[in-house]
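Just below is one structure, and these are the notes that go with it.
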Amino acid sequence: MKLKKLLAAGLAAVLILGTLAGCGNSSNNNQNSSGGSKNQVQDSGKQEIVNLKWITIGNGMPSNYDSWIANVNSYIGEKIGVNLEMVVIPWGDWDKRRNIIINTNEPYDIIFGTGNNYIADINLGAYCDITDMLDTYMPGLKALMPEKYWTGVKVKDRIYGVPTYKDSSISNYAVWDKKIVDDYNINMADYVELESLTGLFEQLKADKNDYPVYIKNDGVYYIFDVYDQIGGGTQILGVRYDDVDARVCFTLEEPDIYSALETFHEWNKKGIINPDAVTLTEARIYNMWRVAQGWESAGVTSWGPQMGMEVAVQKVGDTILSNETVRGSLNMVSTNSKYPEKCLQLLDLVNTDTKLRDMFYYGEEGVNFEYNPDGKVHKINQDWAMAGYTQGTFFTITQVETDQFNQWEEIKALNEQAVSSVMLGFTFDTTSVSDQLANCREIWMRYRSEVMTGIQDPAVAVPQIKEELMRAGWQDVMEEAQKQVDEFMAK
């Protein structure tokens, strides 16, 4: 056992040294970028043009990629001396392809990611520690994005990812079919608590002969958003965002979650929830009511159009900022990149230069979009294959001509008023309890669908789940998490 621990410690040291070494190269290095082509070119003798490769997710490579990237490179070559290659991996291939890229050290300079893999990839030594380079090479984004969003990506006080500053906090909204709201004269503010909805839903079920709560197998999952998962990666472990005592808890036993599970069970018995919910992996388009993450005007720009009808929305709870919300969209620099400084310069420019931001978000000017006389964007088509939320901030994007209000400013205001989780900046180091935690995650996933869709009575299910968890080492996980949380709060 001691030998295994020594070997593990040695490997960790090697990875850390590798990370530091891989990020120490100057952008003036004459070697090629890990992802660029072999030839270096000069910009009229003024500055060296370095080649960078950025891997991201979307609908695959754009059909007009060659002409688009030529325009991008003409612009960024003059601005910062970069020649860029983009690789857009389709949604369905992303997880498998990304894992191969990371685990085989496939060459790249920048890669998109989320909190799902952020910590594991850092532990592998995949990403460059960019903490000490931000002020010099990302002054624009540092000025634009509040410091607390940088805190949200810190791991042991170091930064390895650049957040895409967008709806980087969680705001939940009850989304109603507006015709139902009008017909039944519903004051939505009276129905923000789940328990308050039961009587109304019974009436709607009887009148409409339909299911007021139509869900898939993960249920009404927003109930867990008030619990910071602290990097444990499971809904059942967390610290409530506003708990100044920072108590690590088994969330299913907490009064608010337990009450919600009782309500789901009641709804299931009364036929309020669709009976096939437990097996559904895709929800239907129409909902009388649901809760969605977003912002108020999304009712007009997104939720309503998706359903093909007018909707009414009501905010539910606080806007919350946590590590999880910030890490929903990140870009990391490879520890093997020869040009980490140039990578940061590029990401800074994408975030702060509106002309370049529009090129990434909307596509090729004259092909995918054009500017109208008012300076707004007219979309020529819907063909652009890149996912805008992966690239950079929303707040420097030009509005489209159909916008009657600035939804970006609305999102920015929500971010600014967000309540920071007491655990912002803390990441649970699960190394010593990784096996126990993995087993406990599996136990919850076996029960989750039946519990979250109301099939199982929480009075029976929760004690049963806890009994299995305890046999799998749940107490070890809880104690280790609380120990680390206490140390974090004492700083």
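Once Lys and Arg get +1 and Asp and Glu get -1 on their Cβ, which of I119, M288, Q391 lies farthest toward the positive end of the dipole of the chain?
Positive-most Cα among the choices belongs to I119.
Net charge near N64: determine it from the other residues with C-beta under 15 Å of the C-beta of N64, scoring Lys and Arg +1 and Asp and Glu -1.
-4
Once neighbouring chains are kept in place and the probe is 1.4 Å, which whole percent of the accessible area of the chain is contributed by carbon and sulfur?
Whole-percent figure for carbon plus sulfur exposure: 49.
Lone cysteines in the chain, going by a 4.7 Å Cβ-Cβ cut-off?
C249, C343, C440
What is the packing order of peptides 332-338, 313-319, taking the mean over residues of other C-beta atoms within 10 Å and listing the highest first?
With the highest mean Cβ count within 10 Å placed first, the list reads 332-338, 313-319.
Measure nothing fancy, just the Cα-based angle from helix 198-208's long axis to the longest principal axis of the chain, in degrees from 0 to 90, nearest 10.
Taking the Cα atoms of the chain, the angle to 198-208 is about 90 degrees.
What number, in percent, do you get for the relative contact order of segment 70-211 if the mean sequence gap of Cα pairs under 8 Å and at least 6 apart is divided by its residue count?
Averaging sequence separation for qualifying contacts and normalising by length gives 11 percent for segment 70-211.
Toward the positive end of the charge dipole of segment 92-211, about the Cα centre and with charges on Cβ (Lys, Arg +1; Asp, Glu -1), which of S168, Y149, L194 goes farthest?
Y149
Relative to the longest principal Cα axis of the chain, at what angle does helix 2-22 sit, 0 to 90 degrees, rounded to 10?
Compared with the principal axis, the helix lies near 50 degrees.
Given a 1.4 Å probe, how much area per residue of the chain is accessible, in Å²?
45 Å²
From the helices alone, meaning DSSP H stretches of at least four residues, give me the mean residue ellipticity at 222 nm for the chain, per-run term -39500 (n - 2.57), in deg cm²/dmol to the nearest 500.
Calculated mean residue ellipticity at 222 nm is -12000 deg cm²/dmol.
Suppose every K and R has +1 on its Cβ and every D and E has -1 on its Cβ; what is the size of the dipole of the chain about the Cα centre, in Debye to the nearest 20?
1420 debye
Which FRET efficiency, nearest 0.05, do N123 and T198 yield, Cβ-Cβ r, R0 45 Å?
The calculated FRET efficiency here is 0.50.
Could you check what % of the DSSP bridge pairs in the chain are antiparallel, to the nearest 5?
Taking every DSSP beta bridge within the chain, about 65 percent pair in antiparallel fashion.
Nothing charged except the Cβ atoms of Lys and Arg (+1) and of Asp and Glu (-1): what's the magnitude of the dipole of segment 83-143 about its Cα centre? Round to the nearest 20 debye.
In total the dipole reaches around 180 debye.
The values are calculated or read from the model by the stated rules, or taken from the named source; none is laboratory data. Everything quoted here is computed from the prediction, not taken from an experiment. Cβ sites come from the backbone with ideal geometry, for glycine too, and all protein chains shown count toward neighbours. Side chains included, ligands, DNA and RNA excluded: accessible areas come from the protein's heavy atoms. Shrake-Rupley method; radii C 1.70, N 1.55, O 1.52, S 1.80 Å.
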